[in-house]
1. Are any of the residues in segment 159-172 at pLDDT 95 or above, within 22 Å of the chain's Cα centre (by Cα) and polar (S, T, N, Q)?
2. Given the condition part of a loop (DSSP other than H, G, I, E, B), surrounded by fewer than 17 Cβ atoms within 10 Å (Cβ to Cβ) and without any contact (Cβ under 8 Å) to a residue 60 or more places away in the chain, answer yes or no: does some residue in segment 14-23 qualify?
3. Can you work out which of the residues in segment 242-259 that are surrounded by 15 or more Cβ atoms within 10 Å (Cβ to Cβ) and free of Cβ contacts under 8 Å to residues at least 60 places away in the same chain is farthest from the ligand (Cβ to nearest atom)?
4. Just to confirm my filter: which helices (runs of 4 or more DSSP H) fall fully inside segment 132-206 and include at least 1 residues that are among the charged types (D, E, K, R) and either in contact with a Lys or Arg (Cβ under 6 Å, 6 or more places away or on another chain) or over 21 Å from Ala219 (Cα atoms) (or both)?
5. Regarding Leu153, is this residue touching a residue at least 40 places away in the same chain (Cβ under 8 Å), touching a helix residue (DSSP H, G or I) at 6+ places or on another chain (Cβ under 7 Å) and farther than 19 Å from Val246 by Cα?
6. Quickly run through segment 260-279 and pick out the residues that are away from the ligand (no atom under 14 Å from the Cβ), of a type in the set (A, V, I, L, M, F, W, C) and either surrounded by fewer than 14 Cβ atoms within 10 Å (Cβ to Cβ) or at pLDDT 95 or above (or both).
7. Within segment 203-218, is even one residue surrounded by 21 or more Cβ atoms within 10 Å (Cβ to Cβ), under 16 Å from Leu153 (Cβ atoms) and either among the polar types (S, T, N, Q) or at pLDDT below 95 (or both)?
Amino acid sequence: MPELPEVETTLRGIEPALTGRTITEVIVRNASLRWPVPDEVGQARGRRVSRCWRRAKYLLIELARAESDTVSAGGGLLIHLGMSGSLRICEADDAPRKHDHVDIVLENGKCIRFNDPRRFGVFSWWEPPAEGHKLLRDLGPEPLSDAFSGMQLWQRSRGRKGAVKNFIMDGKIVVGVGNIYASEALYMAGIHPMRAAGRVSRARYEALAAAIRDVLRRAIAHGGTTLRDFVNSDGNPGYFAQELLVYEREGLPCFQCRAPIRRKVIGQRSSYYCPRCQR
Ligand SMILES: [Zn+2]
(Lines give C-alpha, C1' and ligand atoms only; values in the text may rest on other atoms or scores of the structure.)
Protein backbone atom coordinates (compact mmCIF):
# COMPACT_ATOMS: atom_id res chain seq x y z
CA MET A 1 0.00 0.00 0.00
CA PRO A 2 1.44 3.40 -0.91
CA GLU A 3 2.26 5.26 2.28
CA LEU A 4 3.17 8.91 2.72
CA PRO A 5 6.75 8.58 1.38
CA GLU A 6 5.53 6.83 -1.77
CA VAL A 7 2.90 9.53 -2.29
CA GLU A 8 5.49 12.27 -1.78
CA THR A 9 7.75 10.46 -4.27
CA THR A 10 4.86 10.30 -6.72
CA LEU A 11 4.21 14.02 -6.27
CA ARG A 12 7.86 14.84 -6.99
CA GLY A 13 7.67 12.65 -10.07
CA ILE A 14 4.55 14.15 -11.65
CA GLU A 15 4.95 17.76 -10.49
CA PRO A 16 7.53 18.84 -13.14
CA ALA A 17 5.47 17.22 -15.93
CA LEU A 18 2.25 18.95 -14.87
CA THR A 19 3.01 22.42 -13.56
CA GLY A 20 2.50 25.13 -16.17
CA ARG A 21 0.92 22.69 -18.62
CA THR A 22 -2.63 22.90 -19.91
CA ILE A 23 -4.91 19.90 -19.55
CA THR A 24 -6.64 19.17 -22.85
CA GLU A 25 -8.72 16.26 -21.67
CA VAL A 26 -9.49 13.95 -18.74
CA ILE A 27 -10.32 10.49 -20.10
CA VAL A 28 -12.22 8.24 -17.69
CA ARG A 29 -12.15 4.62 -18.87
CA ASN A 30 -13.54 3.20 -15.66
CA ALA A 31 -15.36 5.48 -13.22
CA SER A 32 -15.92 2.85 -10.52
CA LEU A 33 -13.10 3.53 -8.13
CA ARG A 34 -13.62 3.76 -4.37
CA TRP A 35 -16.28 6.36 -5.20
CA PRO A 36 -17.50 7.04 -8.74
CA VAL A 37 -15.28 9.53 -10.57
CA PRO A 38 -17.47 12.69 -10.65
CA ASP A 39 -18.35 14.55 -13.85
CA GLU A 40 -16.71 17.67 -12.36
CA VAL A 41 -13.28 16.33 -13.37
CA GLY A 42 -14.24 17.45 -16.88
CA GLN A 43 -13.85 21.04 -15.66
CA ALA A 44 -10.09 20.53 -15.87
CA ARG A 45 -10.31 20.65 -19.65
CA GLY A 46 -8.55 23.68 -21.13
CA ARG A 47 -7.11 24.82 -17.82
CA ARG A 48 -3.50 25.26 -16.80
CA VAL A 49 -1.95 23.50 -13.80
CA SER A 50 -0.75 26.20 -11.41
CA ARG A 51 0.61 23.95 -8.68
CA CYS A 52 0.72 20.35 -7.42
CA TRP A 53 0.81 19.52 -3.74
CA ARG A 54 0.12 16.84 -1.21
CA ARG A 55 -2.07 16.78 1.90
CA ALA A 56 -1.70 13.54 3.87
CA LYS A 57 -1.88 10.89 1.12
CA TYR A 58 -4.00 13.03 -1.21
CA LEU A 59 -2.43 14.58 -4.31
CA LEU A 60 -3.94 17.91 -5.34
CA ILE A 61 -3.52 19.24 -8.87
CA GLU A 62 -4.45 22.90 -8.66
CA LEU A 63 -5.75 24.69 -11.75
CA ALA A 64 -5.55 28.36 -12.65
CA ARG A 65 -8.96 30.01 -12.99
CA ALA A 66 -8.13 31.45 -16.39
CA GLU A 67 -5.24 31.27 -18.82
CA SER A 68 -3.86 34.65 -17.72
CA ASP A 69 -4.08 33.84 -14.02
CA THR A 70 -0.77 32.65 -12.61
CA VAL A 71 -1.44 32.28 -8.90
CA SER A 72 -5.05 31.53 -8.12
CA ALA A 73 -6.41 28.45 -6.45
CA GLY A 74 -9.20 27.61 -8.83
CA GLY A 75 -9.87 24.13 -7.55
CA GLY A 76 -8.71 21.06 -9.35
CA LEU A 77 -8.17 17.32 -9.32
CA LEU A 78 -7.80 15.25 -6.16
CA ILE A 79 -6.18 11.82 -6.29
CA HIS A 80 -5.62 9.12 -3.67
CA LEU A 81 -3.70 5.98 -4.61
CA GLY A 82 -5.73 3.77 -2.27
CA MET A 83 -4.31 0.26 -1.80
CA SER A 84 -2.71 -0.35 -5.16
CA GLY A 85 -2.85 2.86 -7.24
CA SER A 86 -0.01 4.45 -9.16
CA LEU A 87 0.50 7.32 -11.57
CA ARG A 88 2.85 7.25 -14.49
CA ILE A 89 3.90 9.67 -17.16
CA CYS A 90 3.49 8.41 -20.71
CA GLU A 91 2.63 9.55 -24.23
CA ALA A 92 -1.09 10.26 -24.65
CA ASP A 93 -1.26 7.87 -27.61
CA ASP A 94 0.40 4.94 -25.79
CA ALA A 95 -2.04 2.03 -25.66
CA PRO A 96 -3.61 1.74 -22.19
CA ARG A 97 -2.68 -1.26 -20.07
CA LYS A 98 -4.97 -3.28 -17.88
CA HIS A 99 -6.30 -1.22 -14.92
CA ASP A 100 -5.38 2.14 -16.52
CA HIS A 101 -8.60 3.87 -15.43
CA VAL A 102 -8.02 7.61 -15.96
CA ASP A 103 -5.78 9.78 -18.17
CA ILE A 104 -4.88 13.42 -17.65
CA VAL A 105 -3.93 14.48 -21.17
CA LEU A 106 -1.67 17.51 -21.61
CA GLU A 107 -1.27 19.92 -24.51
CA ASN A 108 2.28 18.69 -25.20
CA GLY A 109 1.07 15.16 -26.00
CA LYS A 110 2.08 13.74 -22.62
CA CYS A 111 -0.30 12.02 -20.28
CA ILE A 112 -0.47 11.26 -16.55
CA ARG A 113 -2.10 7.85 -16.30
CA PHE A 114 -3.82 6.49 -13.18
CA ASN A 115 -3.61 2.73 -12.76
CA ASP A 116 -5.30 0.91 -9.89
CA PRO A 117 -5.92 -2.88 -9.96
CA ARG A 118 -7.90 -3.00 -6.72
CA ARG A 119 -9.82 0.26 -7.37
CA PHE A 120 -9.71 1.55 -3.78
CA GLY A 121 -8.18 4.75 -5.11
CA VAL A 122 -9.91 8.10 -5.49
CA PHE A 123 -9.99 10.37 -8.53
CA SER A 124 -12.11 13.39 -7.74
CA TRP A 125 -12.51 17.14 -7.79
CA TRP A 126 -11.98 19.85 -5.18
CA GLU A 127 -13.23 23.41 -4.92
CA PRO A 128 -11.35 26.01 -2.89
CA PRO A 129 -10.62 26.17 -0.07
CA ALA A 130 -9.08 22.69 -0.25
CA GLU A 131 -8.96 22.46 3.55
CA GLY A 132 -12.76 22.47 3.56
CA HIS A 133 -13.06 19.38 1.35
CA LYS A 134 -14.85 16.55 3.14
CA LEU A 135 -11.86 14.22 2.74
CA LEU A 136 -9.37 16.79 4.01
CA ARG A 137 -11.06 18.85 6.72
CA ASP A 138 -10.60 16.46 9.65
CA LEU A 139 -6.97 15.63 8.97
CA GLY A 140 -4.31 16.20 11.62
CA PRO A 141 -1.04 18.05 10.96
CA GLU A 142 1.56 17.00 8.42
CA PRO A 143 4.37 15.14 10.24
CA LEU A 144 7.07 17.04 8.34
CA SER A 145 5.55 20.46 9.05
CA ASP A 146 6.09 22.79 12.01
CA ALA A 147 2.49 22.13 13.07
CA PHE A 148 3.57 18.70 14.31
CA SER A 149 5.48 18.30 17.57
CA GLY A 150 6.05 16.04 20.55
CA MET A 151 4.33 18.65 22.71
CA GLN A 152 1.21 18.39 20.56
CA LEU A 153 1.25 14.56 20.73
CA TRP A 154 1.62 14.75 24.50
CA GLN A 155 -1.29 17.20 24.88
CA ARG A 156 -3.62 15.22 22.63
CA SER A 157 -2.79 11.92 24.35
CA ARG A 158 -3.67 12.85 27.93
CA GLY A 159 -6.26 10.47 29.38
CA ARG A 160 -6.09 8.12 26.41
CA LYS A 161 -5.97 4.43 27.31
CA GLY A 162 -5.56 3.03 23.78
CA ALA A 163 -2.20 1.78 22.50
CA VAL A 164 0.28 4.49 21.55
CA LYS A 165 0.78 2.77 18.19
CA ASN A 166 -2.89 3.24 17.28
CA PHE A 167 -2.72 6.81 18.56
CA ILE A 168 0.09 7.83 16.18
CA MET A 169 -1.59 6.02 13.28
CA ASP A 170 -4.79 8.06 13.79
CA GLY A 171 -5.01 10.57 10.93
CA LYS A 172 -6.80 13.07 13.17
CA ILE A 173 -3.72 13.19 15.43
CA VAL A 174 -1.06 13.22 12.72
CA VAL A 175 -1.36 12.14 9.08
CA GLY A 176 0.75 9.70 7.12
CA VAL A 177 2.20 7.49 9.86
CA GLY A 178 1.46 4.08 8.35
CA ASN A 179 2.00 0.70 9.93
CA ILE A 180 5.62 0.23 8.92
CA TYR A 181 6.67 3.71 9.96
CA ALA A 182 4.80 3.52 13.28
CA SER A 183 6.68 0.32 14.22
CA GLU A 184 10.00 1.81 13.16
CA ALA A 185 9.50 5.14 14.96
CA LEU A 186 8.38 3.49 18.22
CA TYR A 187 11.47 1.30 18.18
CA MET A 188 13.74 4.29 17.54
CA ALA A 189 12.10 6.13 20.45
CA GLY A 190 12.22 3.07 22.77
CA ILE A 191 8.46 3.07 23.34
CA HIS A 192 6.48 -0.17 23.57
CA PRO A 193 3.72 -0.13 20.94
CA MET A 194 1.10 -1.44 23.41
CA ARG A 195 1.76 1.24 26.02
CA ALA A 196 -1.29 3.41 26.74
CA ALA A 197 -0.94 6.68 24.81
CA GLY A 198 -1.82 8.64 27.95
CA ARG A 199 1.04 7.02 29.84
CA VAL A 200 3.89 8.22 27.62
CA SER A 201 5.81 11.19 29.02
CA ARG A 202 6.28 14.48 27.23
CA ALA A 203 10.03 13.86 26.82
CA ARG A 204 9.34 10.49 25.20
CA TYR A 205 6.80 12.09 22.85
CA GLU A 206 9.50 14.57 21.82
CA ALA A 207 11.73 11.60 20.95
CA LEU A 208 8.87 9.89 19.13
CA ALA A 209 8.03 12.98 17.05
CA ALA A 210 11.70 13.25 16.05
CA ALA A 211 11.77 9.54 15.14
CA ILE A 212 8.61 9.87 13.00
CA ARG A 213 10.15 12.77 11.07
CA ASP A 214 13.43 10.91 10.70
CA VAL A 215 11.94 7.64 9.41
CA LEU A 216 9.66 9.45 6.93
CA ARG A 217 12.47 11.72 5.66
CA ARG A 218 14.75 8.74 5.07
CA ALA A 219 11.98 6.85 3.28
CA ILE A 220 11.30 9.84 1.02
CA ALA A 221 15.02 10.14 0.26
CA HIS A 222 15.10 6.47 -0.79
CA GLY A 223 11.88 6.73 -2.78
CA GLY A 224 13.31 9.63 -4.72
CA THR A 225 16.37 7.74 -5.84
CA THR A 226 14.44 5.01 -7.65
CA LEU A 227 12.08 7.36 -9.46
CA ARG A 228 12.26 7.59 -13.23
CA ASP A 229 9.44 8.09 -15.71
CA PHE A 230 7.36 5.45 -14.02
CA VAL A 231 6.05 6.71 -10.70
CA ASN A 232 5.50 3.47 -9.00
CA SER A 233 3.82 2.03 -5.98
CA ASP A 234 3.87 -1.66 -6.86
CA GLY A 235 7.63 -1.68 -7.33
CA ASN A 236 7.88 -0.37 -3.77
CA PRO A 237 10.62 2.21 -4.23
CA GLY A 238 10.06 3.53 -0.72
CA TYR A 239 10.20 1.14 2.16
CA PHE A 240 11.84 -1.91 0.66
CA ALA A 241 14.84 0.11 -0.40
CA GLN A 242 15.14 1.30 3.16
CA GLU A 243 16.83 -0.62 5.92
CA LEU A 244 14.15 -1.46 8.43
CA LEU A 245 15.07 -1.86 12.09
CA VAL A 246 12.16 -3.98 13.37
CA TYR A 247 9.49 -4.28 10.70
CA GLU A 248 9.13 -7.89 9.46
CA ARG A 249 12.12 -8.93 11.59
CA GLU A 250 10.21 -11.29 13.94
CA GLY A 251 12.63 -13.68 15.69
CA LEU A 252 15.70 -11.87 14.37
CA PRO A 253 18.07 -10.22 16.88
CA CYS A 254 17.49 -6.59 17.89
CA PHE A 255 20.20 -4.37 16.43
CA GLN A 256 20.78 -2.83 19.86
CA CYS A 257 20.50 -5.68 22.40
CA ARG A 258 20.29 -8.92 20.35
CA ALA A 259 16.96 -9.96 21.95
CA PRO A 260 14.62 -11.57 19.38
CA ILE A 261 12.19 -9.09 17.81
CA ARG A 262 8.56 -9.86 18.58
CA ARG A 263 5.43 -9.47 16.51
CA LYS A 264 2.03 -8.68 17.96
CA VAL A 265 -1.25 -7.80 16.25
CA ILE A 266 -2.48 -4.41 17.49
CA GLY A 267 -5.60 -2.93 15.93
CA GLN A 268 -5.54 -5.70 13.28
CA ARG A 269 -2.08 -4.69 12.10
CA SER A 270 1.19 -6.52 12.73
CA SER A 271 3.47 -4.63 15.09
CA TYR A 272 7.12 -5.42 15.56
CA TYR A 273 9.10 -4.45 18.64
CA CYS A 274 12.00 -5.33 20.90
CA PRO A 275 10.71 -6.57 24.27
CA ARG A 276 13.89 -5.33 25.99
CA CYS A 277 14.52 -1.93 24.36
CA GLN A 278 10.92 -0.78 24.22
CA ARG A 279 9.04 0.07 27.41
ZN1 LIG B 1 16.55 -4.54 21.87
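The values are calculated or read from the model by the stated rules, or taken from the named source; none is laboratory data. Here the structure is a predicted model, which means the values were calculated and not measured. All Cβ positions, glycine included, derive from the backbone under ideal geometry; neighbour counts span all protein chains shown.
1. yes
2. yes
3. Selected residue: Gln242.
4. Answer list for segment 132-206: 150-157.
5. When the stated conditions are applied, Leu153 passes them.
6. Within segment 260-279, Val265 is the sole residue that qualifies.
7. Looking through segment 203-218, at least one residue is surrounded by 21 or more Cβ atoms within 10 Å (Cβ to Cβ), under 16 Å from Leu153 (Cβ atoms) and either among the polar types (S, T, N, Q) or at pLDDT below 95 (or both).
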